[in-house]
Amino acid sequence: MKGYAQEPNQVPNEATKRRQLVRKLVEDFLRAIGEDPSREGLRETPDRVARMWLEELASGYFVDPAVYVKTFEVEEYEGREGFVAVTNIPTRSICEHHLLPFFGYTHVVYIPSGKVMGFSKFARVIKVLSSRLQIQERLTEQVADFLNEVLNPKGLLVVMEALHTCALIRGVEESMTMTTVALRGAFREQRELVNLALQIVSSSRIPLPKLEGF
């Protein structure tokens, strides 16, 4: 999943120019906070940071998540109300407010209308959408909108749980978890379906760590 900046829609020369620009900005930042970017220990930091942002943390700006989508027609689901649940999808992103990470898990439950998507594709789609500056509320809605468009399910529920380091290492300095939920289709109309889907998620979810001592 690494190296998104090498995707075909980003020309190598463009990638090089971006990396050089970010590298220079990191050098300027280090000087602005009173550091010497030429000292031992920091000499390679600007280049490392530039690669990290462009090839990982912000790589989603250069990739269309649709390139990872592969769906299958499944006639057995037509006329049925069965659920498909994909839980504990590792999710990490950078909060746009303080440029600090938040991380956790995303859970997806949907009622197919004859179309399903490969298990690993959910993780790839979420990785692209989360590799941009985000807030959790918007990211949850974007995941739901995208999956709703490509799967056209009868109903879709997306739950995202994340620990935000902007609250952990600054401000209140507390370990707190945010949970966001997005509903589409039948899940918006039938509360009993939501309750059943949340039970499925709850039965398989991996709890987020409670970090102490800050």
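Diffusion coefficient of the stretch 36-88 by Stokes-Einstein, Kirkwood radius over Cα pairs, 25 °C, 0.890 mPa s: 155 µm²/s.
Computed on the Cα atoms alone, the convex hull of the stretch 74-167 gives a volume of 76 cubic angstrom per residue. Every helix of 4 or more DSSP H residues in the chain counts as -39500 (n - 2.57), and over all residues that averages to -11500 deg cm²/dmol at 222 nm.
Once you compute Rg and the Kirkwood Rh from C-alpha atoms, what is the Rg to Rh ratio for the stretch 106-214? Walk me through the numbers on the way to the answer.
On the way: Rg = 15.2 Å, Rh = 15.1 Å.
Answer for the stretch 106-214: 1.01.
The candidate values were [x] 0.97; [y] 1.18; [z] 1.06; the one computed from these coordinates for Cα Rg over 2.2 N^0.38 Å carries the label [y]. Counting only GluC sites (Glu not before Pro) that DSSP places in a loop and that have at most 16 other Cβ atoms within 10 Å, the longest clean stretch of the chain runs over 97-172.
Note on F72 and E141: with the Förster distance fixed at 25 Å, the Cβ-Cβ geometry gives a FRET efficiency of about 0.45. Based on the Kirkwood radius over alpha-carbon pairs, what is the Stokes-Einstein translational diffusion coefficient of the stretch 4-62 at 4 °C with 1.567 mPa s viscosity, in µm²/s? In µm²/s, the coefficient is 109. Note that the stretch 163-211 shows a convex hull volume over its alpha carbon atoms of 91 Å³ per residue.
Every read-out reported here was derived from the displayed coordinates using simple, explicitly stated rules and does not represent laboratory data. Since the structure is predicted, the reported quantities are computational estimates derived from the model, not experimental observations. When we count neighbours, we look across all protein chains shown, and the Cβ atoms used for this are built from the backbone with ideal geometry, even at glycine.
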